[in-house]
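Structure in structure tokens, see below.
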Amino acid sequence: MRIGILGTGRMATTLGGAWVAAGHDVLVGGRDLAAAAATAARIGAAGHGALRDAASYGEAVLAAVPADAAAELVKSLAKDLTGRVVIDCTNPIVPTDDGVTLSTGGTTSIARRMVEAAPDAYVVKAFNLCHESIWTLSPPLFEGEPLAVPLCADDPASLELVSRLVTSMGCTPMPCGGLSRAVHLESTAAFAIGAWWSGAEPRFAFPTPGQSPQPA
Ligand SMILES: NC(=O)c1ccc[n+]([C@@H]2O[C@H](COP(=O)([O-])OP(=O)(O)OC[C@H]3O[C@@H](n4cnc5c(N)ncnc54)[C@H](OP(=O)(O)O)[C@@H]3O)[C@@H](O)[C@H]2O)c1
């Protein structure tokens with residue numbers, strides 16, 4: 001699969017690296033060409049270029065930029081993104097005195113803002129729940145099970161494409177409904193990040209209903 005990446009930072013590096021390792025053709029795009037070249041070289045990408053080059057490169061385009069910049073950026077690239085799948089991994093979190101909150105207020109999602117900014121692209125919310133370091137694991141296995149990657153999408157073909165991408169990384173796609181639910185993935189990320197920052201383990205808060213307790 002051909003994948004363009006908007007951004008040259010941590011998520012661009014680790015997710016892009018996982019995609020290169022899975023055999024995909026990745027082009028890293030940045031507003032700083034030297035940074036794009038460095039990230040591309042670091043992960044063995046097929047190429048690098050400007051943001052517009054990445055937007056028009058592939059079937060899928062990852063927006064790996066700060067949440068509050070994402071919609072404006074996507075709007076400026078809307079023509080290039082026509083008909084492409086735009087993967088939104090952003091988390092609109094802001095630190096507070098007692099954890100983190102959402103810059104959106106939790107009433108809408110960055111994914112929804114991206115749809116409004118580029119109505120002819122197909123937005124899929126994905127890859128926002130895990131810390132970047134998880135994408136360096138090959139494959140990401142936990143308790144012997146592949147990592148599940150929650151996905152929200154309105155377009156079935158786009159959901160299928162990102163599901164294939166997830167599977168190619170050794171992970172399991174977890175469809176979570178349409179984009180109206182992306183707000184829940186963003187809120188869940190805020191909850192998890194707040195818990196991690198306070199030293200807690202959010203995964204222990206989600207046992208399977210009815211699961212037998214482990215013997216002591
Ligand atoms: N890091 C994580 O563990 C993690 C996990 C899940 C989700 N996310 C989400 O993934 C997104 C990227 O996070 P990150 O950790 O990769 O951030 P990062 O390392 O700070 O990289 C951000 C990238 O965005 C670029 N950028 C910033 N503002 C821009 C703008 N207005 N237009 C174009 N490019 C711009 C930066 O370019 P310059 O270098 O030119 O400033 C940089 O290449 C964020 O929305 C974050 O919430 C991160």
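The values are calculated or read from the model by the stated rules, or taken from the named source; none is laboratory data. Everything quoted here is computed from the prediction, not taken from an experiment. Please note: Cβ atoms are built from the backbone with ideal geometry, for glycine as well, and neighbour counts cover all protein chains shown. We work out accessible area using only protein heavy atoms, side chains counted, and drop any ligands, DNA or RNA first. Shrake-Rupley method; radii C 1.70, N 1.55, O 1.52, S 1.80 Å.
List every residue pair whose Cβ atoms lie under 8 Å apart, where the two residues are 6 or more positions apart in sequence or sit on different chains, the first residue falls within segment 95-124 and is farther than 18 Å from SER180 by Cβ, and the second residue, located anywhere, is assigned to a loop (DSSP other than H, G, I, E, B) and within 16 Å of the ligand (Cβ to nearest atom).
Going by the 8 Å Cβ cut-off, the qualifying pairs are SER103/PRO92; ASP120/ALA78; ASP120/LEU81.
Of the residues in segment 57-68, how many are within 7 Å of the ligand (Cβ to nearest atom) and either touching a Leu at 6+ places or on another chain (Cβ under 9 Å) or more than 15 Å from GLY29 (Cα to Cα) (or both)?
Looking only at that region, the number is 3.
State whether the residues of segment 137-144 include one that is open to solvent by 40 Å² or more (accessible area, probe 1.4 Å), within 20 Å of TRP19 (Cβ to Cβ), touching a residue at least 12 places away in the same chain (Cβ under 8 Å) and small (Gly, Ala, Ser).
yes
Right, next: For the condition within 13 Å of the ligand (Cβ to nearest atom), at pLDDT 95 or above and open to solvent by 10 Å² or more (accessible area, probe 1.4 Å), what is the one hit in LEU51, LEU27?
LEU51 is the lone residue from the list that is within 13 Å of the ligand (Cβ to nearest atom), at pLDDT 95 or above and open to solvent by 10 Å² or more (accessible area, probe 1.4 Å).
So, one more: Taking segment 30-42 as the search range and keeping residues that are open to solvent by less than 20 Å² (accessible area, probe 1.4 Å) and touching a Ser or Thr at 6+ places or on another chain (Cβ under 8 Å), which one is nearest to VAL86 (Cα to Cα)?
Checked segment 30-42; the qualifying residue nearest to VAL86 (Cα to Cα) is GLY30.
Mind checking which residues of segment 189-216 are of a type in the set (D, E, K, R) and exposed (fewer than 10 other Cβ atoms within 10 Å of the Cβ)?
The answer is GLU201, and nothing else.
Looking at THR96, THR108, which one is more than 15 Å from the ligand (Cβ to nearest atom), surrounded by fewer than 23 Cβ atoms within 10 Å (Cβ to Cβ) and within 19 Å of CYS152 (Cα to Cα)?
THR108
Restricting to segment 125-142, name every residue that is within 15 Å of the chain's Cα centre (by Cα) and within 15 Å of SER168 (Cβ to Cβ).
Hits for segment 125-142 are ALA126, PHE127, TRP135.
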